[in-house]
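Taken together, the values in this text are just the output of simple stated rules run on the coordinates, not laboratory data. Since the model is a prediction, treat every value here as computed from it, not as a measurement. Cβ placement follows ideal geometry from the backbone for every residue including glycine, while neighbour counts extend to all protein chains displayed.
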Amino acid sequence: MAHFLGVDIGTFESKAVITDETGRILARARRAHDMIVPGPGRAEHRADEDWWGDFVHVTRDLLARTGIDPASIAAVATSAIGPCMLPVDRDFRPLMNGILYGVDTRAGTEIADLHAAIGQDVVEARCGNALTSQMVGPKILWLRRNRPDLWARTAHVGTSTTWLTWRLTGEWVIDHYTACNFAPLYDIDRQDWCLDLADICTRDHLPRLLWSTQIAGHVTPAAAAETGLAPGTPVTCGTIDAASEAISVGLRHEGDMMLMYGSTVFIIEMTRSRIRDGRLWQAPWLFAGEHAVMAGLSTSGTLTQWFRELTLPDMDRTAAFATLAQEAQSVPPGARGLICLPYFSGERTPLHDPTAKGVYFGLTLAHGRAEMFRATCEGIAMATRHITETYAEAGVPPARVLAVGGGVGNPAWAQATSDLTGLPQEVRRVTFGASYGDAFLAALSVGAVTRADIDRWNPADRVITPRHVPEYDRLYPIYRELHARNRDLMERL
């Protein structure tokens, strides 16, 4: 029987799974790592230790615990946090830590300069997206300007999955879905690199473009020796973790929306044509002829993680989250008049405001840890409602919402999200997401399954039904006004 390996490198941990051709999970593995924060607005990973080191660790762990013959693994697919920016020299050695996705806001000056030079309307028309902290192009320009010594040695620039695929196969590649986040260097209509908008880098710096399920190459003898995989095993191009999460829960129809409860809330809706709205991100979907419109918060699971570390630092992580979730459930909706703006790393869609700040508004001596954690979860849910309202205003309200990720297990967070958005959320049997989606993409890449088979691999389990909560009707307009009224103060601060 054929087996499939899926590995996902996340913000704080990596996860892997081995399945058989029916989708049955034979084993799962995970490994934690840190997000490096060298200064305000900066977020990094180490390419060798965090990305490749985790891949090697979880793959060897799975092979050891299952005892399966590595030669039976028919294909490998990877996903990772993205889009990231990693410069390497001519020998493909990393020149610095990988700069992470939109939570790293260091390139604010470059974003403003590029918009002024090119015109935001031109960038959006050609690239599908305005320049924000999510985009890699400004971060490459930041490297050129601020680290000319490193830029002089930079032969290639890639992202997290580019690095994993290169370590496995020796091929420097990127999928179209990820590449669209390299604005202003990717033309969304031509689906190719474009270098005429700005003098940032050359085509030789950029990876070769592929579709996500195309086979990029095969496991080299050197990679086989490190990972335990069989030499010659096919490896897909890979993609961003959120896309694999979406695949894992059955996103395949027009109007399907994936709502991922992860380190950040990330949303993907599949469309048949390109949607033009500068508040949302656009990209080709994982398959030719399909499109995706995306949105994402800057802090979600990272905010609950911060709160846990701040309030229960000595308790086991799982036990601490269970305690916080139980306490939050003891508090009525609305957290007794407490509102949280979850902008602890600025905010991405739809505000696109890197200077936005986190706020707990309405604190009194009657509030405690339980109210604050409930307000944290509800603040993230309010930010999610802001996004879903933006989708509706853009003419693409979701036909179906598919929920996935660790936050689905937090009742205060998940139920508040349905209550505030008014949208039911379908939860599949398997909710750990990206690595399982990777295994399915690996099977798809070698023709072992069709896209419709994901409903057999991972059937629906339950639905989170929205309730009408009058207190949210009162608090949500206040939430929306808080940022609008204080944006200038946040920027000055």
| field | Fraction of beta bridges assigned by DSSP in the chain that are antiparallel (%, nearest 5) | value | 70
| said: Using the Cα centre of segment 251-309 as the reference point, and only Cβ charges (+1 on K/R, -1 on D/E), how large is the resulting charge dipole? Debye, rounded to the nearest 20. | reply: 100
| Counting DSSP beta bridges with both ends in segment 3-242, the antiparallel % (nearest 5) | 70
| message | What does the net charge come to around residue 103 if you take all other residues with beta carbon closer than 13 Å to its beta carbon, with K and R at +1 and D and E at -1? | response | +1
| said: What is the sum of charges, Lys and Arg at +1 and Asp and Glu at -1, for the other residues whose Cβ falls under 11 Å from the Cβ of residue 356? | reply: 0
| note | By Cβ neighbour count within 10 Å, fewest first, 308, 492 rank 492, 308
| note | In terms of the alpha carbon gyration tensor, root eigenvalues a ≥ b ≥ c, rounded if a/c is under 1.5 and otherwise prolate when a/b exceeds b/c or oblate, segment 442-493 is oblate
| query | Calculated from DSSP H runs of 4 or more alone, at -39500 (n - 2.57) each and per residue, what is the 222 nm mean residue ellipticity of the chain, nearest 500? | reply | -11000 deg cm²/dmol
| request: Arrange 438, 48, 61, 314 by Cβ neighbour counts within 10 Å, fewest through most, would you? | output: 314, 48, 61, 438
| Volume per residue that the Cα convex hull of segment 3-242 spans, once the total is divided by residue count, Å³ | 111
| task | If a/c stays under 1.5 just call it rounded; otherwise compare a/b with b/c (prolate if a/b is bigger, oblate if not). Do that for segment 166-255, with a ≥ b ≥ c from the square roots of the Cα gyration tensor eigenvalues. | result | oblate
| query | With labels modelled as points extended 7 Å from the Cα through the Cβ direction, what inter-label distance (nm, one decimal) is found for residue 116 paired with residue 71? | reply | 6.3
